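Let me begin by presenting the structure, written as structure tokens, before commenting on it.
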Amino acid sequence: MKLEQIKQLDSIDPLAAKKQAFALPKDTIYLDGNSLGVLPKAVKTRVDDVLSQQWGEDLITSWNRHHWIDLPIQVGNKIAPLIGAETGQVICCDSTSVNLFKVLSAALKMNSTRHKVLSTIDNFPTDLYMVQGLQALLGEDLCQLDMVQEAEITQHLDESVAVLMLTHVNFRSGKVLDMHKLTRQAHELGILVIWDLAHSAGALPVELDQCEVDFAVGCGYKYLNGGPGAPAFLYVAKRHLGKTQQPLLGWMGHAQPFTFNAIYQPANTIHQYLTGTPSVIAMSALDAALDLWHDVDLHQIREKSLALGELLVSLVQQQPSLKDFSLASPTSKHQRGSQVGFTHPDAYAICQALIAENVIADFRAPNILRFGLTPLYTSFQEVERAVSILTKTVQSKVYKQARFMQAQKVT
Ligand SMILES: *Cc1c(COP(=O)(O)O)cnc(C)c1O
């Protein structure tokens, strides 16, 4: 595609104006919004207010005056439309890992005549570790992890499986699983389904209610731009609320926390999935970040994300110097989330060399260079520039310098 045509794509992009809402560093091409979203300007204002006025001046009265106590449900209700959920089924709390522990425990308890948790071997490790932890705690008679290849999920669904736990968009390849089909197939066999939406929420339309999903979890710091380590979210289908119980019985999940009763009585709402006191500063940041979505059409997000991905793939594939990069993501754009990965034997060093040129991508072991595409703030011209800098990096072999080979703690 010619530069003129690429400029044209930006000039007709209905989401182009949203970029102004973000405090993007100058001269940086940021293609890592799937790992850590960019700081929205409104978050800075909000956090300043939480620190100076709410905490600084109003202190403890802010729990009521500034509705700190309602943040988990308020934020949950802002996330709900992004994942196809009616209000009252989503709550913001803890980390994705901890939330998985809660919904896994609840689901296993609901399906207690079975004990198998089926997942994929290339799922995000923390998801698999949480099942392994539960297995160690409960014993294999009550919880047993079964990991299979992504292509073989369906053939492993049978009446011995209690819970099917899947990640909607694979973190390495960006491949999207068919939520409708897999949830239906599982339900036909009496299997409960948990979806991890870490790379889906804010990246593409999700239809939890329509698919009749049982439980879901997801991240606040990726496409939702809530900031490093932002609190996560958790979804429980309305039909299960009041009938299930997660086992971390903290006071915030009690029907009436402020009666300070010695005996636990569960809230019969999504609040039962809370454990302790919300992290107010972090949750306020996410709350402000979510306001950016109020006028965003998720179908426009998807359309732009697919177009950005197609442009990236075609520019890389057309460039003879980049012939050693193989697409690690599905070739059909409809099977990709909002990221594109390429394998290359020197992916790590190339990624470091790109970062030195202010093109921020990331590396996923063993050999994937991963580009996150964030329709709210990524432009078509940035994708073009990123590929042109990648081309220069490869042609000049600058990435072969020792400083780019050194493994950092976080990749
Ligand atoms: C990013 C990610 C997580 C992160 O979990 P934390 O508890 O927030 O560290 C979990 N699962 C998937 C699929 C992810 O992509």
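The values are calculated or read from the model by the stated rules, or taken from the named source; none is laboratory data. All values derive from a computational prediction rather than experimental measurement. Glycine also receives a Cβ, built like all others from the backbone with ideal geometry; neighbour counts cover every protein chain displayed. Quick note on the areas: whole protein, heavy atoms, side chains included, nothing else; ligands and nucleic acids left out. Shrake-Rupley method; radii C 1.70, N 1.55, O 1.52, S 1.80 Å.
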Of Gln245, Gln155, Gln53, the one that fluctuates the most in a GNM where the chain has Cα springs shorter than 10 Å: Gln155
Cα lying deepest toward the dipole's positive end in region 171-275, options Tyr273, Gln185, Val213, charges on Cβ: Tyr273
Among Ile281, Ile270, Ile121, residue whose mean-square fluctuation peaks in a GNM of the chain (springs only between Cα atoms under 10 Å): Ile121
Residue among Gly227, Gly372, Gly84 with the largest mean-square fluctuation in a Gaussian network model of the chain, springs linking Cα atoms under 10 Å: Gly84
Relative contact order, percent, region 1-118 [alpha-carbon distance under 8 Å, six or more residues apart]: 11 percent
Region 47-293: relative contact order in percent, alpha carbon pairs under 8 Å with at least 6 residues between: 24 percent
Crossing angle, helix 125-138 versus the chain [Cα axis fit, 0-90 degrees, rounded to tens]: 20 degrees
Rounded to the nearest 20 debye, dipole of region 73-203 from Cβ charges on Lys, Arg, Asp, Glu: 340 debye
Cβ-based charge dipole, region 47-293, positive-most Cα from Gly202, Ala136, Leu51: Ala136
Degrees separating the helix 280-290 axis from the principal Cα axis of the chain, which is the longest one: 60 degrees
Between helix 347-356 and the chain: long-axis angle, C-alpha atoms, 0 to 90°, nearest 10: 80 degrees
Calculated [θ] (222 nm, deg cm²/dmol) that DSSP helices of n ≥ 4 give over the chain, each run adding -39,500 (n - 2.57): -10000 deg cm²/dmol
Net length gained if the chain between Gln317 and Trp251 were fully extended (0.36 nm per residue, minus Cα distance): 18.3 nm
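To the nearest 20 debye, what charge dipole does region 47-293 have about its Cα centre, counting +1 at the Cβ of each Lys and Arg and -1 at the Cβ of each Asp and Glu?
300 debye
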Residue-wise HN-Hα coupling along region 73-81, computed from phi with Karplus coefficients 6.51, -1.76, 1.60 (Hz; x: Gly, Pro): 7, 4, 5, x, 5, 7, 6, 3, x
Exposed chymotrypsin sites (Phe, Trp or Tyr not before Pro) absent - longest run of the chain, DSSP non-H/G/I/E/B, at most 15 other C-beta within 10 Å: 1-259
Cα pair count fraction exceeding 19 Å, expressed as % - region 235-313: 60 percent
Sparsely packed trypsin sites (Lys or Arg not before Pro) within region 252-341, loop by DSSP, other Cβ within 10 Å at most 16: Lys323
Tensor-based shape of region 266-411 (alpha-carbon gyration tensor, a/c under 1.5 rounded, otherwise prolate or oblate): prolate
Within the chain, longest stretch free of exposed GluC sites (Glu not before Pro) [DSSP loop, at most 12 other beta carbons within 10 Å]: 160-411
Within the accessible area of the chain (1.4 Å probe), percent carbon and sulfur: 54 percent
Calculated from backbone phi, Karplus (6.51, -1.76, 1.60) coupling profile of region 88-100 in Hz, x at Gly/Pro: x, 10, 10, 9, 9, 5, 6, 9, 4, 4, 5, 5, 4
Hydrodynamic radius by Kirkwood, which averages 1/r over all alpha carbon pairs of region 47-293, in angstrom: 18.4 Å
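Just the accessible area per residue of region 47-293, please: how many Å² with a 1.4 Å probe?
Value returned for region 47-293: 41 Å² of accessible area per residue.
How big is the shadow of the Cα convex hull of region 153-272, averaged over all directions, in nm²?
9.2 nm²
So which of Lys222/Lys323; Lys116/Lys243; Lys78/Lys323; Lys2/Lys333; Lys102/Lys304 end up more than 32 Å apart by C-alpha?
On the way: Lys222/Lys323 30 Å; Lys116/Lys243 21 Å; Lys78/Lys323 43 Å; Lys2/Lys333 21 Å; Lys102/Lys304 35 Å.
Violating the 32 Å Cα-Cα cut-off are Lys78/Lys323; Lys102/Lys304.
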